[in-house]
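The values are calculated or read from the model by the stated rules, or taken from the named source; none is laboratory data. Here the structure is a predicted model, which is why all the values come from computation and not from measurement. Note that each Cβ is placed from the backbone with ideal geometry, even for glycine, and that neighbours are counted across all protein chains shown.
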Amino acid sequence: MLTNISNVLRACAQRNGAAAVVSARTYADFTNEATFEIKKCDTFKLDEGPATQVVLTRDEGLQYYRTMQTMRRMELKADQLYKQKIIRGFCHLYDGQEACAVGIEAAINLSDHLITAYRAHGYTYTRGGTVKEIMAELTGRRGGIAKGKGGSMHMYCKHFYGGNGIVGAQVPLGAGVALACKYQGNNELCVCLYGDGAANQGQIFETYNMAALWKLPVIFICENNRYGMGTSVERAAASTDYFKRGEFIPGLRVDGMDVLCVREASKFAADHCRSGKGPILMELQTYRYHGHSMSDPGVSYRTREEIQEVRSKSDPISMLKDRMLSNNMASVEELKEIDVEVRKEIEDAAQFATTDPEPPLEDLCNHIFHNNPPLEVRGTNPWSKLKSVS
Amino acid sequence: MAASLRCFLRSGKVTVTVRDALNQAMDEELERDERVFLMGEEVAQYDGAYKVSRGLWKKYGDKRIIDTPISEVRRRHAGLRPICEFMTFNFSMQAIDQVINSAAKTCYMSAGLQAVPIVFRGPNGASAGVAAQHSQCFAAWYAHCPGLKVVSPWNSEDAKGLLKSAIRDDNPVVFLENELLYGVPFEMSEEAQSKDFTIPIGKAKVERAGTHVTLVSHSRYVGYCLDAAAVLTKEGIECEVINLRTIRPMDVESIEASLMKTNHLVTVEGGWPQFGVGAEICARIMEGPAFNYLDSPVTRVTGVDIPMPYAKILEDHSLPQIKDIIFSVKKTLNV
């Protein structure tokens, strides 16, 4: 057994420069926790950065693995359903970027707040939505998380404000949520996400100004997946150091493919906010395997070789899996079992999403207003008078 | 590509999609006047989000076809004639201050010194399943403002002729396309295939002559009106269908002339009812000589007064269907 462990340690030491230091050994089959060396973050206007030696417990590892795998499979199933025309309209898939959503959520609480753009299925899940509700929303059924009325880009749950279709528009909203947190003194913060394409929007800079001026507890996160639709970062931005674009806001550049890096950086950022220091900006360097949306094949502006290289060298799920296996934190069979369970969950959800009925026509005009007496809504012609309740 | 298409089919009509017609218009105007250039997200190397600008970057290069970052296009270009593409008009709201306060009002504020020969173009209105933030019709919003011209083509001839006119116009033109029409082929006359073919802004077209009722519409719903007319003719109801082509300045005279013949008017649009295109038509009719020719109040067929839902069944019921037009015609005629 000792030989096995030392073999594993040697193998692990060669892997991706992540040297494992076994800190605890129990008599149980698996190692309960291990310390990992992670990539150092680039910092901007910060005296120190997040820790580079992090502890991952077996339970945490299994949970991150399961969550990321669920998100991955869910997105791939959405791809399938879209091609079968069961999902329609816009569909922006998140596969490849799982470490971002999972790492962030691992560092904050469900009582914190989060807002993002349209590549939102993963966040809907980490924020508490179920796969069933998410898929049924994609297929436009009454069991969907927004009762079928929102679709792919407009999913919401408690303390998760979507799901926003207009590039960059969610950033001022995120600062507003942070303002509410400060106003109410509840020690909550808001994670406010946007992409490399949105980073050049004027409203982002207006938001930076207000957040810094008023010391709002907001973590701005730029998910830099290198392409704004079909435009690479070099062709869109005068400066691609997105973590520095806050100018007077401290920043971190983080390896967004490593869930532990994302988690540590997010923890660091959350501490910064909660200690009253004001906003902080994180750039997560990540990658999307799919094109911008389902109508973009994703290979006219980047090569298949590039996509394949990222998949083979930096896949977030593979990286976590390798770490856990090589540190004896889980077995191949155990992880396979999780895969099987995840697959079943996705299949069940897809089954529900394709068989649940569409919303009833009576729901057409509801939810225009909140807490409002019922009102009459004009239909397509003057004789069509429809009813709207809150 | 456009040139070879013309060469290949020199005699008679050809079938051209709206997308290709728009592409031809831009190609011809880029060739004709080197001050014309196109800018927008993904218009160059990606060939356009909806492929409307396909091939133009290859032909004209970086100087004339410019990919912009996602900062909604709103710049004045002294002496140049920009075509600014909005990936959809929903995004134009982020630039709307400049469209109205800079583009629309500058000629007036400068007492004619500074012209703004700019075209804002892109898809407008509902598509299929793109939900609330991507489905709004902006015809009424833009047409409300003096200083702007607002054009809404239906078929390929409209698209080509009106876009060429818009580019040649020395004033800001909001050019409202429709994504669902891009791939639809229409016949294009020999005349329309010419490089000098333009359609005047501000003039409607009678697409179908009729005697019992006037249907007025713009963009995609012109097609719906013609379909409704085809059904109604079997029941002995002859509809006159007017394609507005331009929202502002609106060709009210054409509507009045038709109404004075048919005595009944139904307007059809995809936008919301309140303060919309149909509402404006009603007001103008009341203010003019045709009012006395009405045998019944004007009927407006519009989108339902709600944000656009995603689910297909709800979306289908949020917009006018052909049966809604037929129903409204019959109610208006009291049959």
Pull out all pairs, ordered by first then second residue, where Cβ-Cβ is under 7 Å, the residues are six or more apart or on different chains, the first lies in segment A:254-270 and is under 17 Å from A:Y242 (Cβ atoms) and in contact (Cβ under 8 Å) with a residue 40 or more places away in the chain, and the second is buried (at least 24 other Cβ atoms within 10 Å of the Cβ) and acidic (D, E). A:V254/A:E283; A:G256/A:E223
Count, please, the residues in segment B:14-54 that happen to be farther than 17 Å from B:K164 by Cβ and within 14 Å of chain A (Cβ to nearest Cβ). 14
Tally the residues that are within 7 Å of chain A (Cβ to nearest Cβ) and buried (at least 24 other Cβ atoms within 10 Å of the Cβ), restricting the search to segment B:305-317. 3
State whether one or more residues within segment A:60-70 are of a type in the set (V, I, T), in contact (Cβ under 8 Å) with a residue 24 or more places away in the chain, crowded, with 17+ Cβ neighbours inside 10 Å and out of contact with any Ser or Thr (no Cβ under 9 Å at 6 or more places or on another chain). yes
So which of A:Y123, A:Y118 ends up being assigned to a loop (DSSP other than H, G, I, E, B), in contact with a Phe, Trp or Tyr (Cβ under 8 Å, 6 or more places away or on another chain) and hydroxyl-bearing (S, T, Y)? A:Y118
Take the residues in segment B:46-67 that are among the hydrophobic types (A, V, I, L, M, F, W, C) and in a helix (DSSP H, G or I), then tell me which one is nearest to the chain's Cα centre (by Cα). B:L56
Answer with yes or no whether B:R220 is at pLDDT 95 or above and closer than 30 Å to A:G140 by Cβ. yes
Of the listed residues (A:D241, A:D271, A:D255), the one being in contact with a Cys (Cβ under 6 Å, 6 or more places away or on another chain), more than 14 Å from chain B (Cβ to nearest Cβ) and acidic (D, E) is A:D255
Please indicate, with yes or no, whether at least one residue in segment A:158-176 is free of Cβ contacts under 8 Å to residues at least 12 places away in the same chain and either more than 8 Å from chain B (Cβ to nearest Cβ) or within 17 Å of A:I346 (Cβ to Cβ) (or both). yes
Select the strands (runs of 3 or more DSSP E) contained entirely in segment A:187-285, then report the ones holding at least 1 residues which are over 17 Å from the mean Cα position of the chain (by Cα). A:251-255, A:280-285
Residues of segment B:282-304 being away from chain A (no Cβ under 11 Å) and among the basic types (K, R), in sequence order, are B:R284
Since A:Y82 meets every condition but one in (1) buried (at least 24 other Cβ atoms within 10 Å of the Cβ); (2) within 14 Å of chain B (Cβ to nearest Cβ); (3) under 29 Å from A:K313 (Cβ atoms), which condition does it not meet? (1)
From the option list A:E206, A:E247, single residue qualifying as more than 14 Å from chain B (Cβ to nearest Cβ) and without any contact (Cβ under 8 Å) to a residue 40 or more places away in the chain is A:E247
Residue hits (segment B:276-317; assigned to a loop (DSSP other than H, G, I, E, B) and either more than 25 Å from A:N366 (Cα to Cα) or within 18 Å of the chain's Cα centre (by Cα) (or both)) are B:G276, B:G288, B:L294, B:D295, B:S296, B:P297, B:V298, B:T302, B:G303
Within segment A:124-157, the residues that are within 11 Å of chain B (Cβ to nearest Cβ) and of a type in the set (S, T, N, Q) are A:T139, A:S152
Give all pairs with beta carbons closer than 7 Å in which a residue from segment B:214-242 that is part of a helix (DSSP H, G or I) meets a residue that is among the charged types (D, E, K, R); count only pairs at least 6 apart in sequence or on separate chains. B:Y221/B:E269; B:V222/B:E207; B:L226/B:E207; B:L226/B:R208; B:A229/B:R208
Determine if segment A:343-359 includes at least one residue that is within 27 Å of B:T302 (Cα to Cα), touching a His at 6+ places or on another chain (Cβ under 9 Å) and either within 10 Å of chain B (Cβ to nearest Cβ) or surrounded by 17 or more Cβ atoms within 10 Å (Cβ to Cβ) (or both). no
Note on segment A:286-304: residues under 18 Å from A:M257 (Cα atoms) and either more than 16 Å from the chain's Cα centre (by Cα) or not assigned by the TED database to the domain that holds A:M68 (or both) are A:G291
Does any residue of segment A:220-235 turn out to be more than 14 Å from chain B (Cβ to nearest Cβ) and over 29 Å from A:G89 (Cα atoms)? no
